[in-house]
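Participant: Below is a structure I'd like to ask you about.
The values are calculated or read from the model by the stated rules, or taken from the named source; none is laboratory data. What you see is a predicted model; the values in this text were computed from it and never measured. Neighbour counts are summed over all protein chains in view; Cβ atoms, including those assigned to glycine, are modelled from backbone coordinates with ideal geometry. Surface areas here come from the heavy atoms of the whole protein model, side chains and all, with no ligands, DNA or RNA. Shrake-Rupley method; radii C 1.70, N 1.55, O 1.52, S 1.80 Å.
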Amino acid sequence: MLKKNICCILAEGIIIMGLCCSCADSQNAEETEKISEGVTIETDIPDTANAAVGDTADLVITPDLNGNGIPEEVRLIEMDDGQGLQLEIWENDELIDREAGHFAHTGWTSIFLCTLDGKDYLLRYHPTMYQGVGMYDYALSTLTDNEETVVQQSSVTFDINFGSPVHNGFEPEEIAAFMDEINILLSNSVELLNTDSDLQQTFRKEGRLFDSLWWLDGQEPVFTRDQNKSMLENLLHFRTAMTAAADSAVIEELDALPITEPLELFFYSGAGGWRTSLTLNPNGSFSGDYADADGDMIYVCQFHGQFGNVGKLTEASWMMTLEELVLDTGHEIGEEWVLTEDGHTTHYVASEPYGLDRADWTALKTGAQFILYSPNATGHEPGTELYGAWEFQSWMHNRKEFLGEEDKLGCWGLQNMESGRGFFEDA
């Protein structure tokens, strides 16, 4: 696919993304002129705004996002609390769409007006990186009948925590394909709302596409980006260099788990009536059951098994291998049966051992890896036990952030490395 050169035009403090007329052909230059036509800047934004927004607030353009032939007005205004910006789309004094973007990291929002073959779209782009785990996605949509309709979307997930036990995949080809796709869309877009400081910084870099891969820089001396190579070539080189430089975890073999009494652990989401309980013994044996009540229908699973090959990773984490998993429900998965007690009839369905499963929720096979964490486990920086284990953290019964060494897990936890999900001791 054709990649178009792009540049940043700083218009009174707001970065407007468009085609670089000095680099593109005359047809592309005409497209840029059409996209940028009608842009005006008004009012003020306080100093709390990010630098890429600068001292502006109201960005008014005339797209036709609902395709009815009536020009719309796009307004960028300051929130009442001064902690963000609000994008509003109006047609004939009627508000047809609204989007908020906060300056705090958890509320970053990036929205663009994308024009393809003379048709206008909203492009929402979210390239996020948390604890070395990248989760990039975009959605291209219209406002047909004043309702947002997604017409194209894509995403890619990757992990740059090379050498960590929780490292979970880095595929250069997938990342490059996603970036090629979003770059073509961005090269036909103007920025409407952007409170993402990482994205703002990458937009300011001259001579490169909107790669949004700021984490490729600052990796010297292990890796240095080569501007003469393609994105895919750089990503391949990055993976090779980071893999070679990563220190493999030194595992100290143990005869038993670091517990002296049976440990009661639970897997549940906090929503709904389901949960899986697991009793873990010092010798690595375990037993448990799963139940999910849905009216008179109850999904159940009883199981037992054995962990082995225990190895100490850190003072607060231990790797172990699933050596045996036996289902004791007495029925094949999916089989239904009925029991009547005291005149009440209950329908049962044999289910999978939820929590002891793959990412697709099917039961694990022997050889699957787990990590047991003590209450002292931390995750505030690379090399700490929970850094990068974002899926595991999302299942914590008491949600918390790991911002400093004083932030500890606070309970025992068991991470399924196949799915990333986890069991936790109830506090």
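Participant: Could you rank the peptides 116-125, 89-98 by their average count of other C-beta atoms within 10 Å per residue, with the highest value first?
Facilitator: The peptides rank, most packed first, as 116-125, 89-98.
Participant: Could you look at the range 83-203 and say what percent of its accessible area is carbon and sulfur, using a 1.4 Å probe and all protein chains? Can you show the working numbers first?
Facilitator: Details: 1950 of 4620 Å².
Carbon with sulfur: 42 percent of the solvent-accessible area.
Participant: Report THR340's accessible area, 1.4 Å probe, all protein chains in place, as a number in Å² to the nearest 10.
Facilitator: So the heavy atoms of THR340 present about 90 Å² to solvent.
Participant: Next up: Report the rotationally averaged projected area of the range 284-427 based on its alpha-carbon convex hull, in square nanometres.
Facilitator: Projected area, direction-averaged: 9.9 nm².
Participant: Sort all Cα-Cα distances of the range 291-371 into consecutive 10 angstrom bins from zero, then give the percent of pairs in each bin up to the one containing the longest distance.
Facilitator: 16, 38, 25, 14, 6, 1
Participant: Between LYS229 and GLU94, what's the calculated FRET efficiency when r is the beta-carbon distance and R0 is 45 Å? Round to 0.05.
Facilitator: 0.35
Participant: GluC sites (Glu not before Pro) within the range 380-427: which are DSSP loop residues with at most 15 other Cβ atoms inside 10 Å?
Facilitator: The qualifying sites are GLU401, GLU405, GLU406.
Participant: Then there's this: Give me the one-decimal Kirkwood hydrodynamic radius in Å for the range 231-288, with the sum taken over alpha-carbon pairs.
Facilitator: The answer is 15.7 Å.
Participant: Treat every Asp and Glu Cβ in the range 212-256 as -1 and every Lys and Arg Cβ as +1, leave all other atoms uncharged, and give the resulting dipole magnitude about the Cα centre to the nearest 20 debye. Walk me through the numbers before you get to the answer.
Facilitator: Working: 3 positive and 8 negative charges, 88 e Å.
Here the range 212-256 has a charge dipole of around 420 debye.
Participant: Residue by residue, what Karplus-based ³J(HN,Hα) values in Hz, rounded to whole numbers, does the range 290-295 have, using 6.51, -1.76 and 1.60 with θ = phi - 60° and x for Gly and Pro?
Facilitator: 10, 8, 9, 8, 10, x
Participant: Something else now. With every protein chain present, what is the per residue accessible area of the range 154-237 (1.4 Å probe, Å²)?
Facilitator: Per residue, the range 154-237 has an accessible area of 40 Å².
Participant: Cut-off 18 Å, label point 7 angstrom out along Cα-to-Cβ of MET135: give me the residues of the range 152-177 whose amide nitrogen falls inside.
Facilitator: Inside the label zone: 153-161, 166-171, 175.
Participant: Can you send over the carbon and sulfur percentage of the accessible area for the range 256-361, probe radius 1.4 Å, protein chains only?
Facilitator: 47 percent
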